[in-house]
Amino acid sequence: MSSAVYLVGGAVRDELLGVAPKERDWVVVGGTPDELLNRNFRQVGASFPVFLHPDTGEEYALARTERKQGHGYHGFAVDFHPGVTLEEDLLRRDLTVNAMARDEDGRLIDPFGGQRDLEQRVLRHVSPAFNEDPLRVLRVARFAARFAEFGFRVHDSTMELMREMVASGELEHLVPERVWAEFAKAMSCTQPDVFITVLRESGALAVLLPEVDRLFGVPQPEKYHPEIDTGIHVLMTMNLAARLGGPAEVVFALLLHDLGKGLTLEARLPSHVGHEKSGVPLVNEVCARLRTPGAFRDLALMVCELHLRCHRLLEARPSTVMKLIEEADLLRRPERVQDFVRACEADYRGRLGLEDRPYPQGDRLQAALKTVLAIRARDIGTAGLDGVQIGAKLRKARIKAIAGSASPAG
C-alpha cells in the first residue's frame, strides 16, 4: 500500500490509559478508494469511504476533512482526497484524547495535546469546530461517565462550549437513533450518573429529557429518603444498579422509575402518593421519543408501575404476591424477574445511608415465582371444568402454594 496507515482514536487513548482497547480503527493517508478495493477491502461507508480489512475486519477510513453546511447528521461537506493530511483528519475529531495516532513504527503523533490531557484527566475539545456536531454534547457526557473511575472531568472551556451549543437549539436537530445510541452506551458505564450530571450541567438534559430534569429539587419524605432530592435519588439508584451488575436495561429503568414525582402538586409535597401510576404515561412518552428498543421500554414501564409493590412483599398476603406476579407478566416471561428485582433493590437501597441494607423482598418474589411455575394445570383435577374454571382453580392452587412456601414475614 503506497499510502500511510495510522492507528487512531480510542485504541491509542486506551493503550495510554492502560485499558485494553475494545476495537482498533485506522486512518489511511494518501490513499484512494480504488487502492483499498484492489487490496480486497470491503467498502461500507456511504457518505465517506470506510473499508473493512479483508482479514481482521477492522475499519480503515480514508483521511478526511468535514465542513458544516447544514443542520443534523448529514449537514456536513466531506472531503477525502489523497492530499488530506493526518493532522487535518485529527483536527476534525471531538476531544484531544481521541485525536492521537500511532504510525506503523509505533511512534505517537499528538498534535493537540491529548497525552497531556490524559495525564491531567480532562476532556477537552480539539477545536472550535467541536460545535458543528450537536451529538458531541452527548458523547462528552458518555466519555465522562465511562472514564469517571479514572478521575476524568469535562474541561471548563468545553462545558461552556456545550452550553452554547444547547442554547443555540442545535440539539433539536438530532435524530432519535443517534441520541438513543449514546444513552444505551452510557447506561452500560460503571458510573452512569455522571452521564446525566454532565447533560444537566450543560443544559442538554432539559432539552432531551425534561421529565428527568424536573426531578432535581423535588423533595421526598426524609424518613424514607434521607437524600431528600428526587433527582439525587435517581442518580444513586442508577449507580447502585451498575454496581449490582445490572445491565443497561435496568439502569435505564431506574432513570425513569420516579418520573411521576415530577407531577406532584406543590401542596402535596413531599408526599408522592400514586406517583407510580402517574409516571407510566411519561415513561411511554420518553421511550417513544427516544425510540428505545422494546426490552428497555417494557422493563422501564414494569419498574415504574410496580416497584413499590415489590418493596411491600414481606407484609403481603399470598394473593397479593400472586397478583404482582401476574401484573408483571412473570408467568409468561419469568426470565424478566431478575432484572425487575435488581431494579427494585437498587431503588430500595439507593438512598443516603441505606445503601447496604438487605432486600429480602427480591428473594421472596423469586421463590414465589419458582413455586408458582412448578404448579401446572395437569397437576390439579380438571375433569369436567371449562377453561375459565381451570384457570381459577389453578390460580387458587398457586396462591395456596405461595402460602405454604414462606410466611408473610419472610
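Just so it is clear, none of the values below were taken in a lab; they were calculated from the coordinates. Just so you know, these numbers come straight off a predicted model, no measurement behind them. Every residue, glycine among them, receives a Cβ derived from its backbone with ideal geometry; neighbour counts consider all protein chains shown.
Observations, loosely collected:
- Enclosed volume per residue, in Å³, of the convex hull spanned by Cα atoms of segment 121-208: 78 Å³
- Max mean-square fluctuation residue, GNM over the chain, Cα-Cα springs under 10 Å, options GLY387, GLY151, GLY231: GLY387
- Across q = 0.09, 0.15, 0.16, 0.24 Å⁻¹, segment 1-113 modelled as identical point scatterers on its alpha-carbon atoms has Debye log10 I(q)/I(0) values of -0.23, -0.66, -0.75, -1.46, in the order of the q list.
- Qualifying GluC sites (Glu not before Pro) in segment 75-163, DSSP loop, other Cβ atoms within 10 Å at most 13: GLU104
- Choice from ASP363, ASP133, ASP193 showing the highest fluctuation, given a GNM over the chain with Cα pairs closer than 10 Å: ASP363
- The value of relative contact order for the chain, using C-alpha pairs under 8 Å at least six residues apart, is 10 percent.
- On Cα atoms only, tilt of 192-202 relative to the major axis of the chain in degrees: 60 degrees
- Tensor-based shape of segment 247-347 (alpha-carbon gyration tensor, a/c under 1.5 rounded, otherwise prolate or oblate): oblate
- Taking 1.002 mPa s as the viscosity and 20 °C as the temperature, the Stokes-Einstein diffusion coefficient of segment 173-332 based on its alpha-carbon Kirkwood radius rounds to 132 µm²/s.
- Principal-axis tilt of helix 176-186 within the chain, Cα atoms, nearest 10 degrees: 80 degrees
- Cα shape, segment 85-154, gyration tensor, a/c 1.5 rule: oblate
- Potential extension, GLU285-ILE380 segment - 0.36 nm per residue separation minus Cα distance: 29.9 nm
- A dipole drawn for the chain from +1 and -1 charges on Cβ atoms has a positive end, and of ALA20, ILE390, LEU263 the residue lying farthest that way is ILE390.
- Sites GLU327 and ARG178 - FRET efficiency at Förster radius 35 Å, r taken between beta-carbons, to 0.05: 0.50
- Angle in degrees between helix 318-327 and the longest Cα principal axis of the chain, rounded to the nearest 10: 40 degrees
- For the peptides 289-300, 50-61, the ranking by mean Cβ contacts within 10 Å, running from highest to lowest, is 289-300, 50-61.
- Bridge orientation summary for the chain: considering DSSP beta bridges with both residues in this region, about 75 percent are antiparallel.
- Partner lysines whose Cα lies under 21 Å from the Cα of LYS323, excluding those fewer than 8 positions away in the same chain, are identified as LYS277, LYS370, LYS393, LYS396, LYS400.
- Each semi-axis of the equivalent ellipsoid for segment 335-399 is √(5λ) with λ an eigenvalue of the Cα gyration tensor; in descending order they amount to 36, 9, 9 Å.
- By the Cβ-Cβ criterion of under 4.7 Å, the unpaired cysteines of the chain are CYS189, CYS287, CYS304.
- Coordinate range along principal axes, alpha carbons of segment 286-410, Å, largest first: 54, 38, 17
- Anchor LYS22: lysines whose Cα lies under 25 Å away (excluding residues fewer than 8 positions away in-chain): LYS185
- Kirkwood-based Rg to Rh ratio, segment 301-360, C-alpha trace: 0.98
- Relative to the compact-globule estimate of 2.2 N^0.38 Å, the Cα radius of gyration of the chain comes out at 1.20.
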